[in-house]
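Novice: My questions all concern the structure below.
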Amino acid sequence: MSEDNHGSRAVDQVPVARVQTGRSFSVIWVVPIVALLIGGWLAFKAVSAKGPTITITFENADGLVADKTLIKFKDVEVGKVTQIELLKDLSSVIVTAEMHKDAEDYMNENTQFWVVRARVAAGEVSGLGTLFSGAYIGCNPSLQGKQARHFRGLEKPPVLTEGMPGRHFVLEATDLGSLDVGAPVYYRGIKVGQVVEYDFDKQAETVLIRVFIHAPYHEKVFANTRFWNASGVDLTMDATGVKLDTQSLVSILLGGVAYDLRPHVQPKAQADENQMFILYPDHESSRQKTYQVKRYYLMYFDQSVRGLSPGAPVEIKGIRVGEVVNVELQFDVQTLDFRIPVLVLLEPERLHGLLAEQNAPVEVAVRAETGAERGSHTEKILAQIEGLVNKGFRAQLKTGNLLTGQLYVDLDFYPDASPAQLRMAGDYPVFPTVSAPSEEIVERVDKILVNIERVPFDRIGEDLQLAIESMSATLADIRTLSTTVNREIVPKVNASLDRLEAILADLDTTLGPDSALNYNAHQMAGELSLTLRSLRSLLEYLERDPQALLLGKDGDKK
């Protein structure tokens with residue numbers, strides 16, 4: 001009975017198996033899932049934070065290293081070089097760089113890139129830090145322009161002026177001269193700006209130079225301000241002496257620009273941003289007054305024009321009224337004669353009174369805007385010049401410098417000149433000329449030489465030979481006479497002189513201070529003196545007592 005109970009209890013204690021139809025989540029999967037999420041987040045962050053990839057073309061890759069060279073703006077890293085390759089034609093290199101996400105908005109067509117190296121330019125030293133850290137690519141971002149991913153790198157660092165207080169101005173010049181990017185700009189000797197860039201205007205055939213002037217000196221640039229090239233040394237010589245003008249040693253070596261108002265000129269309104277000005281070649285030319293009316297004339301000269309070159313002045317009474325533009329040589333096959341046409345430029349406004357109508361100022365009279373007005377003024381100028389020509393107004397070559405032989409054209413009145421009128425030769429009126437004074441002197445010398453040639457020098461030589469022979473005979477006679485005098489007359493003269501000397505000695509003995517004649521003369525003079533004193537006493541007594549002649553002295557009566 002007991003055994004059965006024990007067996008039943010054993011059967012009741014056997015565990016019953018449970019059957020599960022699904023799998024539960026295992027903790028071991030947490031780690032890979034978290035790692036996957038972190039990796040995905042990092043990948044998303046890397047992709048979303050990645051900036052644009054750009055390419056920059058340079059002439060060479062000096063100092064650039066892939067995965068090392070940085071791209072900086074204001075010394076802040078904005079990108080990194082990832083690859084450097086050569087172009088297929090080997091003309092340049094392509095630098096691939098990855099930019100930061102923040103720089104994506106600045107990657108447009110106006111953005112500039114250049115390699116920053118140690119450099120000495122325009123009197124300044126820059127990029128010395130690259131000697132230790134290596135070269136890097138500088139960046140000048142811009143918000144204006146279309147988005148771009150391919151750029152052309154600059155070979156020279158630009159002058160960064162974005163965001164700086166001041167203004168840009170454009171200067172127009174015939175040539176660049178010694179100016180370069182970074183050349184200084186001076187105002188009364190103070191460096192106030194620099195040259196930013198330059199370009200060539202193909203249409204106008206001029207050089208456009210862009211300068212930036214820092215505040216507050218940009219306020220000194222007015223609409224009538226003059227800019228001039230301050231490069232090198234400006235040496236002038238005039239009646240007041242020698243003048244040496246330069247801005248600084250930097251401008252002498254590397255060039256520079258200066259600006260100011262003309263003396264005694266009131267400033268106009270301030271110049272606007274990017275306003276254009278003329279760049280004068282030197283300070284002296286910037287001080288000159290500019291004129292709008294310009295007229296060309298041809299002048300024919302028959303004499304030599306050696307020393308006359310383009311740019312030579314045309315003057316009236318020593319005052320410049322124009323300049324020589326061109327000098328040519330023409331040959332007439334029929335007459336076998338040479339002619340020298342000289343093209344000159346005259347500025348009639350310099351002649352005050354010319355072009356003036358009813359006492360109106362010249363400046364008002366030349367304000368011609370339309371083509372018809374300009375044509376009418378041209379006719380008036382020609383008429384007035386022709387009136388002067390009819391009165392003897394002529395051109396003449398004169399020497400301006402005796403040392404260099406430079407010539408200039410002088411205009412003046414010559415009442416005795418042959419009558420002449422203005423005539424047209426092609427597109428230019430021909431201005432009459434007269435011979436230079438030197439030519440007249442040469443003609444006179446030629447006439448003198450012709451007269452000298454007419455003199456019969458052969459006959460004169462024969463007569464002169466006869467005269468010389470006659471003079472030789474006369475000289476021989478004189479020589480013979482001299483010999484006779486020396487031999488015969490001179491001894492007799494010497495003997496006569498000896499006798500005369502003896503006579504003089506005798507006279508000295510007779511009339512000398514110790515001679516008897518002299519002693520007796522002294523004795524006689526003493527006695528004569530006593531006689532005269534006695535006679536004077538007698539006369540004085542008789543004057544007091546005239547009757548003494550009859551009665552005698554009173555003492556004798558007593």
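Derivation of every value follows stated rules applied to the coordinates shown; laboratory data play no part. Note that the structure is a prediction, hence the values are computed from the model and not measured. All Cβ positions, glycine included, derive from the backbone under ideal geometry; neighbour counts span all protein chains shown.
Novice: In nm, to one decimal, how far is the modelled label at R320 from the one at D463, with both set 7 Å along Cα→Cβ?
Specialist: It is 6.0 nm.
Novice: Would you kindly state how much longer the chain becomes between L449 and M276 on full extension, computed as 0.36 nm times their sequence separation minus their alpha carbon distance, in nm to one decimal?
Specialist: Working it through step by step, the gained length comes to 56.0 nm.
Novice: Just to be sure I understand the model, the point goes 7 Å from the Cα along the line to the Cβ. What's the resulting K68 to Q288 distance in nm?
Specialist: 5.9 nm
Novice: Taking amide H atoms as placed 1.01 Å from N in the peptide plane, list the residues 5 or more away in sequence, or in a different chain, whose amide H sits under 5 Å from that of F301.
Specialist: I340, V342
Novice: Give me a comma-separated list of calculated 3J(HN,Hα) values for segment 398-412, in order, Karplus coefficients 6.51, -1.76, 1.60 applied at θ = phi - 60°, integers in Hz, x for any Gly or Pro.
Specialist: Listing the rounded values in order: 9, 7, x, 9, 5, 6, 8, x, 5, 10, 9, 9, 10, 10, 6 Hz.
Novice: Report, in cubic angstrom per residue, the convex hull volume of the C-alpha atoms of segment 188-230.
Specialist: 96 Å³
Novice: Go through segment 192-200 residue by residue and turn each phi into a ³J(HN,Hα) via Karplus (6.51, -1.76, 1.60, θ = phi - 60°); whole Hz please, and just put x for glycine and proline.
Specialist: Karplus values, whole Hz, x for Gly and Pro: 10, x, 7, 6, 8, 7, 8, 8, 10.
Novice: Counting only other residues whose beta carbon sits under 10 Å from that of P313, what net charge do I get with K and R as +1, D and E as -1?
Specialist: Combined, the nearby Lys, Arg, Asp and Glu give -2.
Novice: If you don't mind, another one. Using a simple spin-label model with points 7 Å from Cα along the Cα→Cβ vector, what separation in nm is obtained for M524 and E172?
Specialist: Simple spin-label model gives 12.3 nm for this pair.
Novice: Okay, moving on. From the mean inverse distance of alpha carbon pairs (Kirkwood) and the Cα radius of gyration, derive Rg over Rh for segment 254-343.
Specialist: So for segment 254-343, dividing Rg by the Kirkwood Rh gives 1.14.
Novice: Please list, in chain and number order, the residues 5+ apart from L308 or on another chain whose amide H is under 5 Å from its amide H, with Hs placed from the backbone.
Specialist: Answer set, sorted by chain and number: L407.
Novice: At 10 °C and a viscosity of 1.306 mPa s, what translational diffusion coefficient does Stokes-Einstein give for segment 456-496, taking Rh as the Kirkwood radius over Cα pairs? Give it in µm²/s as a whole number.
Specialist: Working: Rh = 12.4 Å.
Approximately 128 µm²/s, per Stokes-Einstein.
Novice: Extension gain S418-D201, at 0.36 nm per residue separation less the Cα-Cα distance, in nm?
Specialist: 73.3 nm
Novice: Among the listed pairs K101/K191; K72/K202; K202/K268; K50/K146, which have their C-alpha atoms separated by more than 28 angstrom in this model?
Specialist: Values: K101/K191 39 Å; K72/K202 35 Å; K202/K268 31 Å; K50/K146 21 Å.
Those over the limit are K101/K191; K72/K202; K202/K268.
Novice: Moving on. Work out the FRET efficiency for R544 and V493 from their Cβ-Cβ distance, taking R0 = 60 Å, and round it to the nearest 0.05. Please report the intermediate quantities before stating the final value.
Specialist: Values: r = 68 Å, r/R0 = 1.14.
Efficiency computed from Cβ-Cβ geometry: 0.30.
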